[in-house]
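Notes follow once the structure below has been shown.
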Amino acid sequence: MRIDIALDAMGSDKSPEPEIRGAVLAARHLPVQVHLIGPETRLRKMLAQHMRSTNHRHLPIKIVHASEWISMEDKAAAAVRSKRDSTMRVGLKMVREGRVAGFVTAGNTGAAMATAKMVLGTLPGVDRPALAAVLPTVAGRPSVLLDVGANVDCKAQHLVQFAMMGSMYASHVLKIEQPRVGLLSIGEEETKGNDLTRETFPLLRQQPLNFIGNVEGRDIYNGSADVIVCDGFVGNVALKTSEGIVKLVRESLRESLGATLSSQVGALLARKAFLNFKKRLDYSEYGGAPLLGLRGVCIVGHGSSNDRAILNGIRVAAEFAQTGLNAHLEHEFTLHPPAPATHTGLPVQ
């Protein structure tokens, strides 16, 4: 049985080409029906050309017209208010009306956050949705970092909500039993960090979570925590820094292998190892970050998403929808509402 997923065809830096190619890949390889949202005439022409060139004339792809879209240069708040027929608003309305199970965009993160909150609304007990990134670790299983950019300025109760949502996501979507939750700080001791982390620490300890205390930046990828919580400013810096390091290591490794390998057999073995390494660290394999805490499924991808990233974004949206995670989140917040934040009065370290 196919799952209907709406895709913003005008979101990425090079739209709509990656979106169209990714939609075709998803329609071929996943049990989904993709609803491409954007200027109908333009999309229909490009889709027909692509399907002819790949000999795939009959795929479960529909085009839904939207006359406007929000670019990366647009001011998010103003664009959300003024562009009432944007691809984001049209797609999220489809989610709200139950016509599709989820929405995927590689567009402006701020606009996606604002539009999703306005159109879908948040779950009871959730003040702010959080953007959750799934990252690889040396332990071989993924970890969840949130928030990675939806909320730059946060209060302690927001981080508590992020922790609860991240733990539920790790449990129900990533199938991690009793996920370990860590608070990103500058030291393991409870008194280390800034006002926000020191106020959040005792609140997390009061929640029904497998809270392991503070973790540091090096712990993001070593597998010592399954869920790592921070505000969107810190999370976004950590994520973008990680992307830069991955690119540096990948290019350095490529140059070193090319300079040192002379035999054909050695080159082939090295190429296989390099491709495995690249796949493990490639953001396109993870598809996008879910906005947790909404009354519906919304996945936000990287602006530079290629067709494979779009394919995986659609896969993540379908998997998220199938888990029924939102119902579990709503139940959990009803049973265990986050405690209100109070100032701890701890001295700055």
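The values are calculated or read from the model by the stated rules, or taken from the named source; none is laboratory data. All values derive from a computational prediction rather than experimental measurement. Ideal geometry is used to build each Cβ from the backbone, glycine not excepted, and the neighbour counts take in all protein chains shown.
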* To do: From (1) surrounded by 20 or more Cβ atoms within 10 Å (Cβ to Cβ); (2) under 25 Å from ARG89 (Cα atoms), pick out the condition that doesn't hold for SER143.
  => (2)
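Please find, among VAL148, VAL215, VAL138, VAL234, the residue that is in contact (Cβ under 8 Å) with a residue 60 or more places away in the chain, surrounded by 16 or more Cβ atoms within 10 Å (Cβ to Cβ) and not small (Gly, Ala, Ser). Steps first, answer last, please.
Numbers: VAL215 fails: in contact (Cβ under 8 Å) with a residue 60 or more places away in the chain; VAL138 fails: surrounded by 16 or more Cβ atoms within 10 Å (Cβ to Cβ); VAL234 fails: in contact (Cβ under 8 Å) with a residue 60 or more places away in the chain.
Among VAL148, VAL215, VAL138, VAL234, only VAL148 is in contact (Cβ under 8 Å) with a residue 60 or more places away in the chain, surrounded by 16 or more Cβ atoms within 10 Å (Cβ to Cβ) and not small (Gly, Ala, Ser).
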* Members of segment 65-93 that are closer than 17 Å to ASP13 by Cα and in a strand (DSSP E or B) -> GLU68, SER86
* Asked: Where residues in segment 128-184 are over 14 Å from the mean Cα position of the chain (by Cα) and among the charged types (D, E, K, R), which of them is nearest to VAL234 (Cα to Cα)?
  -> ASP153
* **Criterion violated by VAL80 - all others in (1) under 17 Å from the mean Cα position of the chain (by Cα); (2) crowded, with 24+ Cβ neighbours inside 10 Å; (3) modelled with pLDDT under 95 satisfied** => (1)
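Filter segment 94-119 down to the residues that are part of a helix (DSSP H, G or I), among the hydrophobic types (A, V, I, L, M, F, W, C) and surrounded by 24 or more Cβ atoms within 10 Å (Cβ to Cβ) and list them by number.
Within segment 94-119, VAL95, ALA111, ALA112, MET113, ALA116 meet the criteria.
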* Is there a residue being of a type in the set (Gly, Ala, Ser), at pLDDT below 95 and over 25 Å from ARG84 (Cβ atoms) anywhere in segment 44-51? -> yes
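Considering only segment 166-202, state which residues are among the acidic types (Asp, Glu) and in contact with a Phe, Trp or Tyr (Cβ under 9 Å, 6 or more places away or on another chain). Write out each step before concluding.
Within segment 166-202, the subset among the acidic types (Asp, Glu) is 177, 188-190, 195, 199.
If the condition is that a residue be among the acidic types (Asp, Glu) and in contact with a Phe, Trp or Tyr (Cβ under 9 Å, 6 or more places away or on another chain), then GLU190 is the only one that fits.
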* Please tell me if MET1 is among the hydrophobic types (A, V, I, L, M, F, W, C) and either part of a loop (DSSP other than H, G, I, E, B) or modelled with pLDDT under 90 (or both). => yes
* Asked: Is there a residue in segment 77-93 that is out of contact with any Asp or Glu (no Cβ under 7 Å at 6 or more places or on another chain), among the hydroxyl-bearing types (Ser, Thr, Tyr) and farther than 17 Å from GLY313 by Cα?
  -> yes
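Residue-wise test of (1) over 23 Å from ILE310 (Cβ atoms); (2) touching a helix residue (DSSP H, G or I) at 6+ places or on another chain (Cβ under 8 Å); (3) charged (D, E, K, R); (4) not assigned by TED's automatic domain parsing to the domain that holds VAL229.
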position	(1), (2), (3), (4)
ALA101	no, yes, no, yes
GLY125	yes, yes, no, yes
ARG141	yes, no, yes, no
LEU146	no, yes, no, no
ASP153	yes, yes, yes, no
ALA163	yes, yes, no, no
